[in-house]
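Encoded as structure tokens, the structure appears first; notes follow it.
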Amino acid sequence: VILARSGQIESFMGTLSHLLRRVPGSLPITVLVVGILIAPSAGLIGAAVGTLTIATLPTLLAQRYSASVATSAVAAAGTLGVILPPAVMLFFLADLAELPILETFTGVLLPAGLLFALYVVYFVIRGRSAPAEVQIPQPTRLTLKSMISILGPIFVVGAVLASIATGWATPTQSGAIGAFAAFCMMILTRPLTWNLYKKICVETATIVAMVFLIILAANAFTLVFRVLDGDEMVEGFLFALNLGTWGTLLFVLAVVFILGFFIDWLEIVVISLPLFMPVLVDLDFSQHVGSPLMINVWLATLFALVLQTSFVTPPFGFALFFLRGSAPPGVSMADIYRGAVPIVGLQLVVLALVLLFPWLATAIASGLR
């Protein structure tokens with residue numbers, strides 16, 4: 001919120017968009033870059049999408065992009081960033097699949113890079129038919145202010161990631177480090193007033209309350225499920241189906257996809273996936289993938305991609321409701337649904353490619369060993 005309300009994100013977007021000004025759809029592409037920077041450190045889908053909506057959606061709408069295109073850029077950026085290293089989700093998936101964290105990180109790099117490229121192509125195509133952007137005044141040469149506008153948000157996110165990578169702070173504690181770094185950058189770039197500080201605090205509290213309310217509701221759902229022995233029933237049900245190797249995998253991916261409509265990845269990875277992993281471990285994909293380690297890398301990557309896709313799939317996509325809750329009043333749920341459909345289509349293409357060509361998930365990890 002500090003980055004958004006102090007104008008740092010807008011300056012970053014303006015400078016980067018100016019550098020890409022000859023590329024159609026430069027502003028949605030800039031939002032993708034912002035999402036890659038911000039979303040991994042936000043951790044939860046709600047925090048990532050909510051923060052990106054506040055930081056970037058008003059600028060997209062002001063630049064005369066339709067509400068559907070603007071919201072599709074935010075949804076794509078928020079969900080892509082949440083599966084990129086060092087996203088918190090990947091730490092949990094590594095623990096679940098009993099993988100070294102480096103292999104888990106490398107597994108998503110090629111699929112995420114391919115998805116980013118498809119997003120860029122899509123927004124370039126949409127940008128050709130969109131009204132011309134209103135040019136944000138930018139300096140004609142590189143100045144100290146323009147350098148700060150580019151390096152400031154990178155410094156803030158770098159502070160978060162460095163504190164995690166060095167073990168100096170937990171992912172939760174690193175959020176406080178990021179807030180402090182953003183506060184320092186705000187002091188450098190603009191005067192701090194009481195009204196601005198108050199607005200930042202109130203808006204932060206509103207986002208946190210929204211995220212916690214949804215997480216509390218999701219926890220209530222999963223608690224009832226476990227009290228009623230739903231976890232044991234699921235395991236027995238999967239064995240009884242006798243769908244074979246590929247049938248069982250596709251069925252589990254479909255179940256995880258549906259769960260992603262209603263609850264955040266944390267509850268799914270911590271509570272639901274452990275019910276399926278004992279069944280998946282017994283399946284033989286050695287002919288299709290290779291060693292047991294590479295099979296686990298492939299499975300972890302598939303789960304990350306499936307969750308990412310389910311979060312933006314209408315009508316129940318988890319991220320879509322966070323986007324609506326943080327969007328300006330003029331943006332309707334129908335606009336958000338229309339914007340999400342092509343994004344989901346591109347994600348399904350990448351998911352199918354990783355299923356068919358597992359080397360997309362395992363190539364880098366294999367090269368490191």
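At-a-glance table
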quantity: Percent accessible area from carbon and sulfur atoms, the chain, protein chains only, probe 1.4 Å; calculated: 70
quantity: Dipole magnitude of region 206-350 about its Cα centre (Cβ charges: Lys, Arg +1; Asp, Glu -1), debye to nearest 20; calculated: 500
quantity: Approximate shape of the chain as ellipsoid semi-axes (Cα gyration tensor, √5λ), whole Å, largest first; calculated: 35, 22, 21
quantity: Simple label model, 7 Å out from Cα along Cβ direction - F261 to K199, nm; calculated: 3.9
quantity: Theoretical gain in end-to-end length, S366 to S291 [0.36 nm per residue, Cα-Cα removed]; calculated: 26.0 nm
quantity: Projected label distance in nm at L228 and A176, using a 7 Å step from Cα toward the beta-carbon; calculated: 4.0
quantity: Accessible area (Å², per residue) of the chain, counting only protein heavy atoms and a probe of 1.4 Å; calculated: 45
quantity: Unit charges at the beta carbon, dipole of the chain: most positive-side option, G345, F180, S66; calculated: S66
quantity: Near-label residues of region 185-209 by backbone N, under 20 Å of a point 7 Å along Cα→Cβ of W168; calculated: 185-188
quantity: Diffusion constant of region 261-369 at 25 °C, which comes from Stokes-Einstein with the Kirkwood Cα-pair radius and 0.890 mPa s, µm²/s; calculated: 156
quantity: Dipole magnitude of the chain, debye to nearest 20 (Cβ charges: Lys/Arg +1, Asp/Glu -1, about Cα centre); calculated: 1860
quantity: Length-normalised contact order of region 76-128 in % [C-alpha pairs under 8 Å, at least 6 apart]; calculated: 32
quantity: Where labels lie 7 Å past Cα in the beta-carbon direction, separation of V120 and M277 in nm; calculated: 3.5
quantity: Helix-only mean residue ellipticity at 222 nm for the chain, each DSSP H run of n ≥ 4 adding -39500 (n - 2.57), per residue, nearest 500; calculated: -25500 deg cm²/dmol
quantity: Angle in degrees between helix 333-356 and the longest Cα principal axis of the chain, rounded to the nearest 10; calculated: 50
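The values are calculated or read from the model by the stated rules, or taken from the named source; none is laboratory data. Everything numeric in this text was worked out from a predicted model, so none of it was measured. Heads up, the Cβs are rebuilt from the backbone with ideal geometry, glycines too, and the neighbour counts pull from every protein chain shown. For accessibility, only protein heavy atoms count, side chains too; no ligands or nucleic acids. Shrake-Rupley method; radii C 1.70, N 1.55, O 1.52, S 1.80 Å.
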